[in-house]
Structure formats: C-alpha cells, structure tokens
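Everything below concerns the one structure shown next.
The values are calculated or read from the model by the stated rules, or taken from the named source; none is laboratory data. Worth saying up front: this structure is predicted, and the values here are computed from it rather than measured. Glycine gets a Cβ as well: all are built from the backbone with ideal geometry, and neighbour counts include every protein chain shown.
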Amino acid sequence: MTIRAVVRGVGHYLPERVVPNAEFEKSLDTSDEWIRSRSGIERRHFAAEGQTTSDLATRAARAALADAGIGASDLDAIVLATSTPDLTFPAAATMVQAALGMEGGFAFDVQAVCAGFIYALANANALIVSGQARRVLVIGAETFSRLMDWEDRSTCVLFGDGAGALVLEAQEGKGIAADRGILAVDLHSDGRFKDILYVDGGVSTGTSGHLRMQGREVFRHAVEKLAATAETALEKLGLSPGEIDWLVPHQANLRIIKGTAQKMGIPLDRVVITVQDHGNTSAASIPLALSIGKERGQIRTGDLLLLEAIGGGLTWGAVILRW
Ligand code: ACO
C-alpha cells in the first residue's frame with residue numbers, strides 16, 4: 001500500500017476589478033496589440049484598495065473546501081505559496097487559518113515566486129506521504145499589482161492578482177502510475193540568476209520595492225528549463241509526453257506556454273490556457289488554471305496532468321498528478 005496525496009477539492013477567486021489592455025494605452029506608450037502579440041494577455045484582475053493576498057487566499061480556500069465538502073476543522077495544515085504576503089510576518093497562511101476559523105493544525109507560507117505552487121505541492125505531498133498530515137489545503141495567492149512600477153511598460157502590463165486552492169487528502173494507492181494523486185515531483189533552483197528577475201525592496205531597504213525583469217533572458221531560460229524539468233518528472237514514472245492528458249503550465253506568457261508545449265511535442269489542444277483572462281498571477285496561476293480547467297470541463301477525474309512553472313530565483317519544477 002502506498003499513501004497518495006489526492007485532490008479532493010479545488011476553487012479559485014479573482015478580484016472584481018477587470019483591467020483590459022486598452023486601459024494601459026491611457027498612461028503608457030503601449031498598445032493592446034503589443035501586449036496581446038508579445039504575451040497573449042488580454043485582461044487582468046487587480047485587488048481593490050485594502051484587499052490583501054490573505055483575503056484572496058481565503059476566498060479561494062472557501063471555494064475549495066466547499067468543493068471538497070469539508071470544513072476548515074477537517075484540515076491538518078495550510079501551505080500557502082506567495083511572494084506578496086500581507087505583512088513581512090506572520091505568514092499569510094496563518095491569517096487564512098484565522099479567517100477560516102481553523103484553531104488546530106499548522107499553517108505556513110512557501111516563497112518560490114512563480115514556481116511557488118509547485119514547491120507548495122511538493123511540501124504538502126511530503127507531509128501527507130510521511131504521515132504528518134491527512135488533509136492539507138494548498139493555496140497559491142498573489143497581489144502582484146502591489147509590486148508594479150507603473151512607469152515600466154515592460155513589466156506592469158504582464159501581471160495580475162488572484163488566488164487558487166486545492167484540498168489534498170491522504171488516500172491509499174497501489175504505488176503505480178494509474179493511482180490518483182501526486183505521482184512525481186521535480187524541483188530546482190539556481191541563485192546565480194537573481195538579477196534577471198527580482199524585487200528591489202524588502203527588509204534590507206525598508207520598502208516593499210518593485211519588480212525588475214530582463215524579459216528576454218527570463219524567456220530564454222523558461223522554455224529550456226520547463227521542458228527539461230517536465231521530462232525529468234515524466235522519466236521518474238517511465239511515461240512519455242504523449243501519455244499526458246493535460247499540460248497545466250504556469251500562466252506567464254502564451255509564447256512561453258506554446259514554446260514549451262512544442263518542445264515537448266504536446267499539442268495545444270491538450271494545454272490548459274487561462275493567461276489571456278488574468279495575466280501572470282505568479283504562484284496563483286497553476287491553481288487558477290486547474291480550477292478554471294475543471295469548470296470548463298477540460299480536466300476530469302482520472303486525467304493525468306503535468307504541471308510546470310519557473311519563477312524568480314531562478315526556481316523551477318514540475319509535478320505529475322492524476323486528477
Ligand atoms: N508596449 C510597447 N512596447 C514595449 C512594451 C510595451 N508594454 N514593453 C516593452 N516594449 C518595447 C521594448 O522597449 C523594446 O523596444 P526597443 O526595441 O525600442 O528597445 C521592444 O518592445 C522589444 O522588447 P523585448 O523585451 O525585446 O520584447 P520581447 O519580444 O522579448 O517581449 C516580453 C517582452 C513579453 C517581456 C518577453 O520577453 C517575455 O515574455 N519574457 C518572459 C517574461 C515573463 O513571462 N516573465 C514571467 C516569468 S517568471 C515569472 O512568472 C515571475
């Protein structure tokens with residue numbers, strides 16, 4: 001018998017305010033056409049004034065708990081992937097814990113920028129397979145609009161706010177690739193690439209700072225590293241890309257998504273794509289894509305999913321999950 005971390009519920013939340021590309025034409029030398037053709041993004045959601053990452057995370061968490069048919073008191077742990085916590089500390093996860101009325105268990109944040117949800121899933125999986133937790137709420141939530149330099153057209157048009165969540169539960173499997181749940185994980189980071197994607201603020205500067213990115217360099221690393229980590233995760237199970245039902249990539253840029261799918265030989269009709277509707281929501285993008293993909297009827301019980309992401313650090317990785 002093998003213990004597997006199996007998805008029991010999924011949910012998401014996008015803030016009410018929708019900002020179409022055309023809105024940036026009023027304040028920047030840019031165009032809807034440029035943004036669409038370079039990134040695939042058509043609109044994004046921005047959090048309202050005073051609405052924080054833990055607010056978004058709590059809304060997504062409630063939706064996932066409702067989908068799972070359980071309450072917060074049934075959870076053993078909350079793992080929240082974010083690079084935009086409400087405060088430097090405590091962890092936004094503990095704020096979600098309080099908002100949900102969960103008095104037992106434990107909650108913590110994982111910070112791996114856009115790869116954060118992959119890292120959070122790896123942590124939650126380890127807690128479940130080692131027997132330390134039976135039910136774990138895994139959330140990706142971000143308010144990247146708070147990190148934008150609104151005069152930098154090369155970054156501020158690309159990002160948005162949102163949250164998505166999964167309830168993972170320990171269930172018995174047979175130890176084979178036909179099991180439901182998390183089947184393989186592959187994680188990487190390389191701190192030598194800090195300067196191509198970072199935020200120029202924090203405790204050392206006394207400001208929360210702005211996102212700085214060398215877009216072309218990030219693009220170059222993204223396609224190559226995402227395809228490599230996905231292939232490593234598949235090799236761990238002896239599977240080929242042709243056996244994947246859905247590629248669920250980090251939703252940063254349509255050109256990166258297409259480039260990676262093409263490199264792996266996965267046709268676009270087997271890729272869940274949501275970036276056009278919410279831009280790059282960093283750690284929230286994969287759970288958003290999972291939740292929206294399920295709503296659209298694309299992702300069904302038993303489907304084999306390949307999740308992959310890359311973010312600041314650089315950090316990157318992949319998870320293979322049977323839904
Ligand atoms: N509107 C109009 N022109 C613009 C804009 C804009 N919003 N932004 C940049 N430009 C200009 C540049 O100034 C440049 O002009 P120049 O040639 O006169 O200097 C020109 O467009 C081309 O700029 P490039 O950076 O070469 O454009 P590129 O085709 O590489 O596209 C982009 C830029 C979209 C950022 C691309 O490099 C990219 O997608 N990179 C990956 C970024 C990404 O997705 N990061 C997130 C992944 S990691 C994470 O999620 C944290």
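Just to confirm my filter: which strands (runs of 3 or more DSSP E) fall fully inside the range 157-251 and include at least 1 residues that are over 30 Å from D29 (Cβ atoms) and more than 19 Å from the chain's Cα centre (by Cα)?
Fully inside the range 157-251 and qualifying: 161-173.
Kindly indicate which of A309, A261, A284, A289 is more than 20 Å from A163 (Cα to Cα) and modelled with pLDDT of 95 or more.
So the residue among A309, A261, A284, A289 that is more than 20 Å from A163 (Cα to Cα) and modelled with pLDDT of 95 or more is A261.
Of all residues being touching a strand residue (DSSP E or B) at 6+ places or on another chain (Cβ under 6 Å) and not small (G, A, S) in the range 97-117, which is surrounded by the fewest Cβ atoms within 10 Å (Cβ to Cβ)? Just the residue, please.
Step by step, filter the range 97-117, then rank; the result is F106.
If you scan the range 246-303, which residues turn out to be within 11 Å of the ligand (Cβ to nearest atom) and touching a Lys or Arg at 6+ places or on another chain (Cβ under 6 Å)?
Scanning the range 246-303 gives a single hit, G279.
For the range 1-94, give me every one of the helices (runs of 4 or more DSSP H) that falls completely inside it and has 2 or more residues that are among the β-branched types (V, I, T) and either surrounded by fewer than 22 Cβ atoms within 10 Å (Cβ to Cβ) or not assigned by TED's automatic domain parsing to the domain that holds E295 (or both).
Output list reads 53-68.
State all residues of the range 269-323 that are part of a loop (DSSP other than H, G, I, E, B) and of a type in the set (V, I, T); if no residue qualifies, say none.
Hits for the range 269-323 are V272, I273, T274, T281, I299, T301.
Where the second residue is of a type in the set (V, I, T) and outside any helix (DSSP H, G or I) and the first is without any contact (Cβ under 8 Å) to a residue 60 or more places away in the chain and lies in the range 115-135, which pairs have Cβ atoms under 9 Å and are six or more apart or on separate chains?
Note: pairs meeting the criteria are N123/V79; N123/V110; N123/V136; N123/V138; A126/V185; L127/V79; L127/V136; S130/I3.
Anything in the range 231-245 that is within 29 Å of F144 (Cβ to Cβ) and either hydroxyl-bearing (S, T, Y) or within 14 Å of the ligand (Cβ to nearest atom) (or both)? List them, or say none.
T232, the sole residue that qualifies.
Which residue, of G101, G160, G140, G116, is over 26 Å from M213 (Cβ atoms) and either more than 13 Å from the ligand (Cβ to nearest atom) or not charged (D, E, K, R) (or both)?
Just one listed residue meets the conditions, G101.
Cβ-Cβ distance below 6 Å, separation of 6 or more or different chains: which pairs start in the range 21-45 with a residue that is within 11 Å of the ligand (Cβ to nearest atom) and end on one that is of a type in the set (F, W, Y)?
Listed by first residue and then by second, the contacts come to T30/F24.
In contact with a helix residue (DSSP H, G or I) (Cβ under 9 Å, 6 or more places away or on another chain), in the same structural domain as T229 (by TED's automatic domain parsing) and surrounded by fewer than 23 Cβ atoms within 10 Å (Cβ to Cβ): which single residue out of L314, L304 fits that description?
L304
Name every residue in the range 94-108 that is within 17 Å of A60 (Cα to Cα) and either among the acidic types (D, E) or within 23 Å of the chain's Cα centre (by Cα) (or both), in order of residue number.
Listed by number, the residues that qualify are T94, M95, V96, Q97, A98, A99, L100, A107, F108.
Quick one: A120 ticks every box in (1) assigned to a helix (DSSP H, G or I); (2) surrounded by fewer than 24 Cβ atoms within 10 Å (Cβ to Cβ) bar one, so which box is it?
(2)
What do you reckon, is G238 surrounded by fewer than 22 Cβ atoms within 10 Å (Cβ to Cβ) and more than 24 Å from A61 (Cβ to Cβ)?
When the stated conditions are applied, G238 passes them.
Can you name the number of the only condition in (1) surrounded by fewer than 23 Cβ atoms within 10 Å (Cβ to Cβ); (2) away from the ligand (no atom under 12 Å from the Cβ) that V223 fails?
(2) is the only condition that V223 fails.
Pull up the range 252-268, narrow it to residues that are surrounded by 17 or more Cβ atoms within 10 Å (Cβ to Cβ) and assigned to a helix (DSSP H, G or I), then point me to the one that is farthest from the chain's Cα centre (by Cα).
M264
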